[in-house]
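So the structure is just underneath, and the comments pick up after that.
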Amino acid sequence: MVLQDPFASFDPRMRVGEIVGEPLAIHHSELSRVEKRERTAAMLQRVGLGADALKRYPHEFSGGQRQRIGVARALILRPKLVVADEPVSALDVSGGAQVLLLLQELQSEFGLTYVFISHRLPVVAQVATRIAVMRAGQFVEVGLAERVLHQPSHAYRRELLGAVPALPGR
């Protein structure tokens, strides 16, 4: 799982290497300390952080970098499904765009399926192939992203589309 708040989702007393490697310690206790460190460093490298991140603390990183740490932690066990709960909502536009691009690259590279939770339609439009719209805890519309975003069949979805501000001239 990639959590919403990259500022509060890590134990500030743990180093990044411990945070990202913790799932390995729990689920792959047969690995040596060196193997765990190598896998952790490789995953940090893959998400755009160097091996020097291993010994640093979360507070030493920007929000976008912290979210990359969260992505590395989520992928260290090589899952097929990742739940991403508002993964860019706490980031500025630039940092959010970089994390979205990274998630798309990793999806292709690792064959991932995301359950991507978001209230921001432009974010959903960028990453989703299928969309499920919920209202009051119930699915009100499910379908291909193109259809749900551009031809909503449910009144609530049409209301959501109407709530998105349009830029003049578009």
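Any read-out appearing in this document is the output of simple, stated calculations on the displayed coordinates, not a laboratory observation. Remember, it's a predicted structure, so these values are computed and weren't measured experimentally. Positions of Cβ are generated from backbone atoms using ideal geometry, with glycine treated the same way; all protein chains shown enter the neighbour counts.
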The range 64-94 to the range 16-63: how many Å between their Cα centroids? 14
Label model pair GLN104, SER29: point-to-point distance (7 angstrom along the Cα→beta-carbon line) in nm is 4.2
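Can you give the helix-only mean residue ellipticity at 222 nm for the chain, where every DSSP H stretch with n ≥ 4 adds -39500 (n - 2.57) and the sum goes over all residues, rounded to the nearest 500 deg cm²/dmol?
Only helices count here, giving -14000 deg cm²/dmol.
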Antiparallel DSSP beta bridges within the chain, as percent of all bridges there, nearest 5: 50
Treating each Cα of the chain as an identical point scatterer and ignoring solvent, apply the Debye formula and state log10 I(q)/I(0) at q = 0.09 Å⁻¹. -0.36
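Given a Förster radius of 25 Å and the C-beta distance between MET14 and VAL115 as r, what FRET efficiency does 1/(1 + (r/R0)^6) yield to the nearest 0.05?
On the way: r = 26 Å, r/R0 = 1.05.
It comes to 0.45.
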Using only the alpha carbons of the range 77-160, determine the length spanned along each of the three principal axes and report them from longest to shortest in whole angstroms. 38, 28, 22
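Give, in nm to one decimal, the length gained when the segment between ALA51 and GLN151 is fully stretched (0.36 nm per residue of separation minus the Cα-Cα distance). All intermediate terms of the calculation are to be shown ahead of the outcome.
Values: separation 100, 0.36 × 100 = 36.00 nm, distance 4.62 nm.
So the chain would gain 31.4 nm between ALA51 and GLN151.
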Give me the dipole magnitude in Debye, nearest 20, for the chain about the Cα centre, with unit charges on the beta carbon: positive for Lys and Arg, negative for Asp and Glu. 100
Taking the Cα centre of the range 38-170 as the origin and placing charges on Cβ (Lys, Arg +1; Asp, Glu -1), which of VAL71, SER153, VAL127 is farthest toward the positive end of the dipole? SER153
Taking H placed 1.01 Å from N in the peptide plane, check which residues at least 5 places from ARG135 or on another chain put their amide H under 5 Å from its amide H. VAL140
